[in-house]
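The values are calculated or read from the model by the stated rules, or taken from the named source; none is laboratory data. Predicted model, so just to flag it, every value in this text is computed and none were measured. Ideal geometry is used to build each Cβ from the backbone, glycine not excepted, and the neighbour counts take in all protein chains shown.
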Amino acid sequence: MGLSKTIWSNPAEFIRNVRPENPVIFFSPTQLQATARRFIDGFPGMVTYAVKTNPSEVVIENLTAAGVRGFDVASPGEIRLVRRLAPDAALHYNNPVRSRAEIAQAVELNVKSWSVDSASELEKLIEMVPADDCEISVRFKLPVAGAAYNFGAKFGATVELAAQLLARVAEAGFIPSLTFHPGTQCTDPHAWESYIREAAEIGRNAGVSVARLNVGGGFPNHRLQAVLPQIEDTFALIDRVATEAFGADRPILICEPGRGLCGDAFTHAAKVKAVRDGAHVFLNDGVYGALAELPLVGIIDRIEVVDEAGHKRNGDLESRIVFGPTCDSVDRIPGELMLPADIAEGDYMVIHGMGAYSIATNTRFNGFGDLTIATVLSLKV
């Protein structure tokens, strides 16, 4: 994977001049920093970034430049990455299951915030992590609602267990906090409400004053033309409900957006390898590459098609089945896409809103996956 050193005006200029044979991810630092400032100015608490979403160095560097001072990390590798690029940043090690070796490395790298969702893992932290000025956040889960993907299927304690764990955290001398994840791509602000109210109840049942409440990720990016995320409405709801639920004991709020921060700062372009018998479209990228999450989270319909000269195809839209380049039959974009009828071999399918889980999950399966990152001033084609 290579990073182009040239800064281009937009994706069309790059396509017209380079005519790339391999897929390209276009990155707009201006868009990323503007989104970061939108979160920093609007969210009623601390904004951290979920590194797993897009661990590119340019992302971390630009978020730091925009004022992001905290990062949600899930492994020693991510911890070392952020420590190198943003040495003074706060690190929240929110993967709730870790080996003893991973815990030891994080302690050595001065991690001060941890999450947990089980008694056995909590006792491991109590044994190995110095309690001085260290926070342990108990992660809990509720039935998923209003999200594209259920993050509670793997992690999260029941509310009953969460109260027990929170009491044990306080007893052991750690800063007692709570965290949750409402699910990915939550376009309905009310996805957060029941979690925040339940967090207050967990604190009361534990007899513990909750120091900080991490309201997770779940903040959406713009994937569907007909659904424009209303991030400020979500911020306002979180602010109001936190005050209603906790009253005078309202904790410090934290959020850890991933796709909500980086998703709209990247646009993806894949070249059309063939239009088989005038029907099926084959691309040079697919679900084993930068389009890996589409079968899980759903299609992005913010799509344009341009020819090799960077000119948009404007034919009538037709429903097309779209395949990736590998010899695996599952390498297919879910559903059918509405694409211009005049789409042709050598064209480029340009998908906006592709910053999340594209670069991070790209593989080299079947010899494909050579992905270039190109910096642009604007993502408008």
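Just a few scattered comments:
- Residues of the stretch 326-352 that are in contact with an Asp or Glu (Cβ under 8 Å, 6 or more places away or on another chain) and either surrounded by fewer than 22 Cβ atoms within 10 Å (Cβ to Cβ) or among the acidic types (Asp, Glu) (or both): Leu337, Met338, Pro340, Ala341, Ala344, Gly346, Asp347.
- Taking the criterion of being of a type in the set (A, V, I, L, M, F, W, C) and either within 16 Å of Gly258 (Cα to Cα) or under 18 Å from the mean Cα position of the chain (by Cα) (or both), the residues of the stretch 228-241 that qualify are Leu228, Ile231, Phe235.
- Counted residues, the stretch 8-29 - those being among the polar types (S, T, N, Q) and surrounded by fewer than 14 Cβ atoms within 10 Å (Cβ to Cβ): 2
- So Gly173, is it crowded, with 17+ Cβ neighbours inside 10 Å and under 18 Å from Glu135 (Cβ atoms): no
- In the stretch 280-289 there is at least one residue that is assigned to a loop (DSSP other than H, G, I, E, B), among the small types (Gly, Ala, Ser), modelled with pLDDT of 95 or more and not assigned by TED's automatic domain parsing to the domain that holds Ser137.
Table: residues versus (1) part of a helix (DSSP H, G or I); (2) farther than 17 Å from Ser113 by Cα; (3) free of Cβ contacts under 8 Å to residues at least 40 places away in the same chain; (4) assigned by TED's automatic domain parsing to the domain that holds Ser137.
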residue: Leu161; (1), (2), (3), (4): yes, yes, no, yes
residue: Leu165; (1), (2), (3), (4): yes, no, no, yes
residue: Val169; (1), (2), (3), (4): yes, no, no, yes
residue: Ser177; (1), (2), (3), (4): no, no, no, yes
residue: Glu198; (1), (2), (3), (4): yes, yes, no, yes
residue: Gly217; (1), (2), (3), (4): no, no, no, yes
residue: Asp239; (1), (2), (3), (4): yes, yes, no, yes
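- For the stretch 83-134, filtering for residues that are of a type in the set (D, E, K, R), free of Cβ contacts under 8 Å to residues at least 24 places away in the same chain and farther than 16 Å from Pro176 by Cβ leaves 4.
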